[in-house]
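**Q** Quick one: the structure is below, questions incoming.
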Amino acid sequence: MKIFSDERLVALGYVSGTVSKHTGSGRDKANVERLMQKLGIEPARILGLNQVHGDEIIKILNAEDLDNYRKQTTHNADGWLLGLSGVGALILTADCVPLYIWDDDGKAVSLTHCGWRGVVAQLPKKAAKMVGQNAPKAKNICAFIGPHISACCFEVKEDVANKFNKTSIINKDGKLFVDLANEITLQLTAEGVKKENIKTGCNCQCTACNKEDFFSYRRDKTKDALISFVYKI
Ligand SMILES: [Zn+2]
């Protein structure tokens with residue numbers, strides 16, 4: 001098992017990262033529970049949601065937020081803003097981007113599930129804004145763009161390509177490819193995040209290319225999904 005994480009976030013007291021497929025699909029709750037037990041985290045403390053490729057973000061910043069979450073039976077959303085000790089949350093991806101954004105005061109971290117629809121709906125920008133508003137005194141907002149289908153493999157039709165900035169589209173012999181990391185970076189920098197504070201995984205972190213470590217919907221055509229999580233100690 002490998003965990004692809006950002007050491008800056010770990011240093012702030014968050015156990016977090018995107019876990020390689022060796023742990024099994026995150027759609028099976030037993031795999032999530034086994035992973036959390038291995039990490040020494042009580043599984044009941046990890047919250048889940050129902051991803052809908054939208055732009056809703058669930059805030060869990062205090063005990064009242066947690067109570068409200070527990071009272072609701074459905075949680076249709078694609079992201080989290082978490083800042084409560086002893087509480088964690090997860091998202092699932094199989095080519096979409098697990099995006100981590102946090103303030104360097106360590107007040108809260110956002111974890112969002114960003115497929116192309118979420119990116120077009122400005123979910124990364126919205127998440128960065130929420131993190132900033134929650135930590136107005138923080139010097140820096142930081143981001144980690146986790147393993148996802150990279151520009152090498154993410155071919156789209158023209159109608160989808162037209163929804164992105166031109167600098168995020170690569171034309172290879174008439175075929176169009178989207179660079180989601182570039183598009184996310186554009187949104188975050190527009191929200192005031194410094195480019196040097198945005199880290200993207202290396203080339204080996206393309207989910208479609210790296211069959212050994214990742215599930216890929218595009219490659220495998222299955223529902224298997226990678227687990228990405230954050231937990232505040
Ligand atoms: Zn690739």
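The values are calculated or read from the model by the stated rules, or taken from the named source; none is laboratory data. Because the structure is a prediction, the values reported are computed rather than measured. As a convention, Cβ positions derive from the backbone with ideal geometry for all residues, glycine included, and neighbour counts pool all protein chains shown.
**Q** Mind listing whichever residues of region 62-79 are among the charged types (D, E, K, R) and part of a loop (DSSP other than H, G, I, E, B)?
**A** Of everything in region 62-79, just one residue is among the charged types (D, E, K, R) and part of a loop (DSSP other than H, G, I, E, B), namely Asp78.
**Q** Let me ask you something else. Name the residues in region 138-174 that are basic (Lys, Arg) and under 16 Å from Cys206 (Cβ atoms), would you?
**A** Of everything in region 138-174, just one residue is basic (Lys, Arg) and under 16 Å from Cys206 (Cβ atoms), namely Lys172.
**Q** Which is surrounded by fewer than 20 Cβ atoms within 10 Å (Cβ to Cβ) and either without any contact (Cβ under 8 Å) to a residue 40 or more places away in the chain or at positive phi (or both), of Ala161, Ala190?
**A** Ala161
**Q** Tell me which residues, restricted to region 182-221, are within 14 Å of the ligand (Cβ to nearest atom), acidic (Asp, Glu) and not in a helix (DSSP H, G or I).
**A** Glu212, Asp213
**Q** While we're here: Quick check on my filter: what residues within region 24-83 are over 25 Å from Thr222 (Cα atoms) and among the hydrophobic types (A, V, I, L, M, F, W, C)?
**A** Passing the criteria: Leu39, Ile41, Ala44, Ile57, Ile58, Ile60, Leu61, Ala63, Leu66, Trp80, Leu81, Leu82.
**Q** Somewhere in region 155-172, is a residue of a type outside the set (A, V, I, L, M) and within 12 Å of the ligand (Cβ to nearest atom)?
**A** Among the residues of region 155-172, at least one is of a type outside the set (A, V, I, L, M) and within 12 Å of the ligand (Cβ to nearest atom), which makes the answer yes.
**Q** Does any residue in region 140-154 that is under 17 Å from Leu9 (Cβ atoms) and assigned to a loop (DSSP other than H, G, I, E, B) come within less than 6 Å, Cβ to Cβ, of a residue that is near the ligand (Cβ under 10 Å from one of its atoms) and modelled with pLDDT under 95 six or more places away or on a different chain, and which pairs are these?
**A** Listed pairs, sorted by first residue: Pro147/Gln205.
**Q** Do we find that Leu176 is closer than 30 Å to Asn62 by Cβ, crowded, with 17+ Cβ neighbours inside 10 Å, within 16 Å of the ligand (Cβ to nearest atom) and modelled with pLDDT of 95 or more in this structure?
**A** no
**Q** Could you tell me how many of the residues in region 1-14 are of a type in the set (Asp, Glu) and either on the phi > 0 side of the Ramachandran plot or not in a helix (DSSP H, G or I) (or both)?
**A** 1
Yes/no matrix, rows are residues, columns are (1) touching a residue at least 12 places away in the same chain (Cβ under 8 Å); (2) within 27 Å of Asp213 (Cβ to Cβ):
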site: Ile46; (1), (2): yes, yes
site: Ile57; (1), (2): yes, no
site: Leu61; (1), (2): yes, no
site: Glu64; (1), (2): no, no
site: Arg70; (1), (2): no, no
site: Pro98; (1), (2): yes, yes
site: Asp103; (1), (2): yes, no
site: Gly106; (1), (2): yes, no
site: Ser110; (1), (2): yes, yes
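**Q** Restricting to region 222-233, count the residues that are within 16 Å of the ligand (Cβ to nearest atom) and surrounded by fewer than 19 Cβ atoms within 10 Å (Cβ to Cβ).
**A** 0
**Q** Name the one entry in Gly17, Gly26 that is outside any strand (DSSP E or B), closer than 20 Å to Leu99 by Cα and touching a helix residue (DSSP H, G or I) at 6+ places or on another chain (Cβ under 9 Å).
**A** Residue meeting the stated conditions: Gly26.
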